[in-house]
1. Looking at (1) at pLDDT 95 or above; (2) loosely packed, with under 11 Cβ neighbours inside 10 Å, which one does SER149 not meet, given that it meets all the others?
2. Return the only residue of CYS53, CYS45 being of a type outside the set (Phe, Trp, Tyr), more than 17 Å from the chain's Cα centre (by Cα) and surrounded by 13 or more Cβ atoms within 10 Å (Cβ to Cβ).
3. When ALA7 is evaluated against the numbered criteria (1) at pLDDT 90 or above; (2) in a helix (DSSP H, G or I), which criterion, by number, is the only one it fails?
4. Among the residues of the range 18-35, how many are more than 20 Å from SER84 (Cβ to Cβ) and assigned to a loop (DSSP other than H, G, I, E, B)?
5. Anything in the range 60-76 that is in contact with a strand residue (DSSP E or B) (Cβ under 8 Å, 6 or more places away or on another chain) and either under 19 Å from ASN92 (Cα atoms) or not assigned by TED's automatic domain parsing to the domain that holds ARG88 (or both)? List them, or say none.
6. Could you tell me whether any residue of the range 125-143 is at pLDDT 95 or above, closer than 29 Å to LYS31 by Cβ and crowded, with 16+ Cβ neighbours inside 10 Å?
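The values are calculated or read from the model by the stated rules, or taken from the named source; none is laboratory data. Just so it is clear, the model here is predicted, and its values are computed rather than measured. Neighbour counts run over all protein chains shown; Cβ positions are idealised from the backbone, glycine included.
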Amino acid sequence: MTQENAASAELVQNMETCQAEDLASLTNCVKSLGLEQIQRHIFICAGPTFPQCCSTEAGLASWEYLKKRLKQLKLDKPTDTRPSCIFRTKANCLRVCSFGPILVVYPDGVWYRQATPDVIERIIQEHLLNNRIVTEYAFLTHPLPSPVSFDTSNIK
Ligand code: FES
């Protein structure tokens with residue numbers, strides 16, 4: 001392994017990601033990441049290429065806080081007593097680009113503004129743990145509808 005590959009592997013390990021060598025080992029990734037047990041998925045704009053909704057530092061501070069708290073509360077992975085988990089993803093930009101950091105919780109479809117560490121703590125305690133939307137910071141609630149088939153006959 002080259003020095004560059006070793007550094008990259010260490011980075012991936014720190015990110016708690018999964019890398020499958022072949023398609024068959026993707027099953028192991030599914031299990032190790034708890035993908036089948038995801039209850040909610042959080043996306044947050046942090047460290048975008050063109051920071052517009054908040055400073056890069058503020059976005060990354062929120063992202064680090066979210067990761068740290070989900071881990072501390074053992075919400076990031078399924079456990080024997082709670083067979084579900086909350087996934088989190090750092091998005092480059094959620095296209096709202098104002099009043100950031102912008103954070104969205106799926107499948108609830110709740111969009112939050114100004115998701116600073118203090119607000120994230122409230123989202124965790126109130127929304128994620130007690131199913132109460134933090135209305136003070138939610139600017140849209142739009143749960144995703146059931147998938148439908150699109151009529152593609154007019155699409156060229
Ligand atoms: S830069 Fe944060 S949503 Fe676009």
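1. With respect to (1) at pLDDT 95 or above; (2) loosely packed, with under 11 Cβ neighbours inside 10 Å, SER149 is out only on (1).
2. Every option except CYS53 fails the conditions.
3. Going through (1) at pLDDT 90 or above; (2) in a helix (DSSP H, G or I) one by one, ALA7 breaks only (1).
4. 4
5. Those that are in contact with a strand residue (DSSP E or B) (Cβ under 8 Å, 6 or more places away or on another chain) and either under 19 Å from ASN92 (Cα atoms) or not assigned by TED's automatic domain parsing to the domain that holds ARG88 (or both): SER62, TRP63, LEU66, LYS67.
6. yes
The rows are residues; the columns are (1) surrounded by 19 or more Cβ atoms within 10 Å (Cβ to Cβ); (2) among the charged types (D, E, K, R); (3) modelled with pLDDT of 95 or more.
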site	(1), (2), (3)
LYS77	no, yes, no
ASP80	no, yes, no
ASN92	no, no, no
VAL96	no, no, yes
GLY100	yes, no, yes
GLY109	no, no, yes
TYR112	yes, no, yes
GLU121	no, yes, yes
